[in-house]
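Have a look at the structure below, then the notes.
Laboratory data are not the source of any read-out in this text; all were calculated from the coordinates shown. Predicted, not measured: the structure shown is a model, and the values here were computed from it. Reconstructed Cβ throughout: ideal geometry from the backbone, glycine too, with neighbour counts over all protein chains shown.
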Amino acid sequence: MWPAIWPLTIDGLGKFTKTGSALLIMAIAGGAILPLIYGKLSLAFGTQQAYWLVVPCYLYILYFATKDISSEKLLSLLCKWLTLLTGRRIKNKSGLPVRF
């Protein structure tokens with residue numbers, strides 16, 4: 001994933017390219033630190049409650065993935081995903097299959 005994430009993240013940063021790269025390195029460190037924090041939280045509160053630690057992380061990943069996508073494109077991607085997941089074509093209000 002890093003060969004795709006790195007150029008997408010630093011593209012267009014201009015004079016902030018070094019800062020953006022530094023933040024990516026800190027994200028790698030976060031991948032090493034968050035499991036330790038999760039372990040401590042799971043010992044203190046239980047494993048199910050400790051999963052709340054990752055919710056903001058996943059929400060940020062979702063935001064980063066969809067911030068530059070139009071609502072039409074996002075809806076199309078969701079319909080494709082649901083079609084692959086369920087094996088059924090998604091239909092619009094008039095009963096016609098949604099075009100991709």
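Projected onto the charge dipole of the chain (+1 at Lys/Arg Cβ, -1 at Asp/Glu Cβ, origin at the Cα centre), which of Val54, Pro7, Thr83 gives the Cα projection farthest towards the positive end?
Of Val54, Pro7, Thr83, it is Thr83.
Once the convex hull of the alpha carbons of the chain is built, what does its volume come to per residue, in cubic angstrom?
Working: hull volume 15.1 nm³, N = 100.
Output value, Cα hull per residue: 151 Å³.
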